[in-house]
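Worksheet: the structure to be examined is printed underneath.
The values are calculated or read from the model by the stated rules, or taken from the named source; none is laboratory data. What you see is a predicted model, and the numbers here were worked out from it, not measured in a lab. Note: ideal-geometry Cβ built from the backbone for every residue, glycine included; neighbour counts use all protein chains shown.
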Amino acid sequence: MVFTSITFAFFLPVLFILYWAIPKKTRWIVLLAANIIFYMYGGALFILLMLAIALVTWWCARRIELSPDRKKAYLVSSVIVVLGMLGFFKYADFAIGTVSSICGLFSLSFSPAALRLALPLGISFYSFAAIGYVADVYKGRIPAQSSYFRYLAFVSFFPSVLSGPINRAGDIMPQIDEPADFDYDLAAAGLRQMLWGFFKKLIIADTLTLYVDPIFDNVRFYFGMTLIVSTILYTFQIYCDFSGYSDIAIGTAKLLGIRLKDNFKSPYYSRSVKEFWSRWHISLSTWFRDYVYIPLGGSRASNGRHNLNIMLTMLLSGLWHGADWSFVIWGGLHGVYQVAEDFCHRHFSKKEYRGMKERDIKRSVPWNIGHGILTFAMVSFAWSFFRANNTADALYIASHMHRGLGHIAGSYIMMLNNMHLDGLKLTYLIVLIVILMAVDFAGLKRDIYGLFGKLPMWGRWLIYTGLTVFVIVITLNGGVHQEFIYFQF
């Protein structure tokens, strides 16, 4: 089931009424049933895989608690089983193709048929949530859940099961086991967050799709400013698409009295790539930090080992996103960015510039703007590898972005023609991006959804009604309806 479907528009109100109408002690049962219905709507067969992963991780966590002398064996076993299932469905063809290519370099014959397995919905997300649960039990951070079905309610939690956020058991299971009383303010904040998420997805992301996809699907016909502008537009498209999903998911959970942690915090206002990853897909970046980066030694190791830890973590993050070398390169770029930032910080941070110390420099407006623009440019360039249909296309984009830029006026006109943009359409896109960035700027130091709640009632309802009508009118009159980008992961 998809958040933007008519089915969900009927599903959620029915669940909301039923969930709050029954006694607290049985709400988890209704939630579990809703989770199963929601997931099976997109493919009944794949629910068996989720049930199996939940069963393995639940049992191993129980054994860790009951047999502490063998807890490491149970942890390793659960990780191997879950990653094995994830790897089989997601990376089998990638591994076959890679081995076949390597064998070809040595004139060896190895060309088995691709398996072409369908990727189970949400497997990358709920697998990581399940592994995190076992690891937290192993570390003694949380107790093991005695009930398999209560644990399953966490793993299959419908708002986040398909595309995150990747929840931590310690945050969610207590809220499922001991439901809170109905909180009108929380529910209202959830509706506001959902509305903003729908706006970002249906109005901004799906509009940008019209101009981004034709270019990236035929990159060999374009160069220069066309590739640069389409990459920048994709930078905003993927943000609105993914953060829009997260907003809808978090808002939906709030309607049920369950608080999920933020997954995005104005990432394009970051002044370094390291800061970007503290604001972008936070649930994934903190997962890799806690379960990969820190166990590898984190920043406590030598400079060389620290840099290696960063690179390994980012390469794995890239591979998590997709079974193609373009995703690995994307992760590697972010690793290189952070290693370079760390090098510059260690070698130049303690030096003075024209009598100004580092602390004063970082407070200056030019420093913040300059580093913000540089970070945005580096992140946007990396997105071209993420969006490209394959590694060859990604390398073509990287090597042809600069062509024709010596003739700005001609490049600009060619870009407009290639992307089928005119003055009105371009202005519309700019207005949408300005609205997005203005809201993100307002949310840098305050809760933007709570801020809306403090407006006069007439002001709130004016905004709600305007956004709702705008979303409905645009989507019903030629709007493009695209799946959420992160469904493919």
Note on residue 83: of the conditions (1) among the hydrophobic types (A, V, I, L, M, F, W, C); (2) in a helix (DSSP H, G or I); (3) within 24 Å of the chain's Cα centre (by Cα); (4) modelled with pLDDT under 95, unmet is (4)
Going by the conditions given, is residue 236 in a loop (DSSP other than H, G, I, E, B), outside the structural domain of residue 153 (by TED's automatic domain parsing) and within 18 Å of residue 433 (Cα to Cα)? no
Going through segment 382-408 in order, the residues found to be over 17 Å from residue 214 (Cα atoms) and surrounded by 19 or more Cβ atoms within 10 Å (Cβ to Cβ) are 382
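Listed here are the residues, each with its yes/no results for (1) part of a loop (DSSP other than H, G, I, E, B); (2) touching a residue at least 24 places away in the same chain (Cβ under 8 Å); (3) under 22 Å from residue 76 (Cα atoms).
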{"site": "153", "(1), (2), (3)": "no, yes, no"}
{"site": "158", "(1), (2), (3)": "yes, yes, no"}
{"site": "167", "(1), (2), (3)": "yes, yes, yes"}
{"site": "173", "(1), (2), (3)": "no, yes, no"}
For segment 107-114, state whether one or more residues are more than 28 Å from residue 57 (Cβ to Cβ), assigned to a helix (DSSP H, G or I) and at pLDDT below 95. no
Go through the residues of segment 133-144 one by one and say whether even a single one is under 24 Å from residue 34 (Cα atoms) and either in contact (Cβ under 8 Å) with a residue 40 or more places away in the chain or over 28 Å from the mean Cα position of the chain (by Cα) (or both). yes
Restricting to segment 95-132, count the residues that are β-branched (Val, Ile, Thr), in contact (Cβ under 8 Å) with a residue 24 or more places away in the chain and either farther than 22 Å from residue 317 by Cβ or not assigned by TED's automatic domain parsing to the domain that holds residue 54 (or both). 0
Yes or no: residue 220 of a type outside the set (A, V, I, L, M) and crowded, with 21+ Cβ neighbours inside 10 Å? no
For segment 37-46: of the residues being of a type in the set (A, V, I, L, M, F, W, C) and crowded, with 18+ Cβ neighbours inside 10 Å, which is farthest from residue 182 (Cα to Cα)? 46
Residues that are assigned to a helix (DSSP H, G or I) and on the phi > 0 side of the Ramachandran plot, drawn from segment 41-74: none
Subset of segment 1-40 [of a type outside the set (Phe, Trp, Tyr) and not in a helix (DSSP H, G or I)]: 1, 2, 4, 5, 22, 23
Being assigned to a helix (DSSP H, G or I), surrounded by fewer than 22 Cβ atoms within 10 Å (Cβ to Cβ) and in contact with an Asp or Glu (Cβ under 8 Å, 6 or more places away or on another chain) is the filter here, so list the residues in segment 136-151 that pass it. 150
Test result for residue 253, closer than 30 Å to residue 28 by Cβ, within 16 Å of the chain's Cα centre (by Cα) and among the small types (Gly, Ala, Ser): no
Condition check: farther than 19 Å from residue 176 by Cα, surrounded by 13 or more Cβ atoms within 10 Å (Cβ to Cβ) and of a type in the set (D, E, K, R). Does residue 27 satisfy that? no
Got a sec? Which of 3, 8 is without any contact (Cβ under 8 Å) to a residue 60 or more places away in the chain and among the aromatic types (Phe, Trp, Tyr)? 8
Do you know which of the residues in segment 120-132 that are part of a helix (DSSP H, G or I) and touching a Leu at 6+ places or on another chain (Cβ under 8 Å) is farthest from residue 38 (Cα to Cα)? 131
Determine if segment 174-196 includes at least one residue that is under 18 Å from residue 136 (Cα atoms), surrounded by 21 or more Cβ atoms within 10 Å (Cβ to Cβ) and of a type in the set (Lys, Arg). no
I want to confirm something. Restricting to segment 260-283 and keeping residues that are buried (at least 18 other Cβ atoms within 10 Å of the Cβ) and of a type in the set (Lys, Arg), which single residue is farthest from residue 376 (Cα to Cα)? 279
For the list (1) at pLDDT 95 or above; (2) in the same structural domain as residue 238 (by TED's automatic domain parsing); (3) β-branched (Val, Ile, Thr), I need the number of the one condition that residue 155 fails. (2)
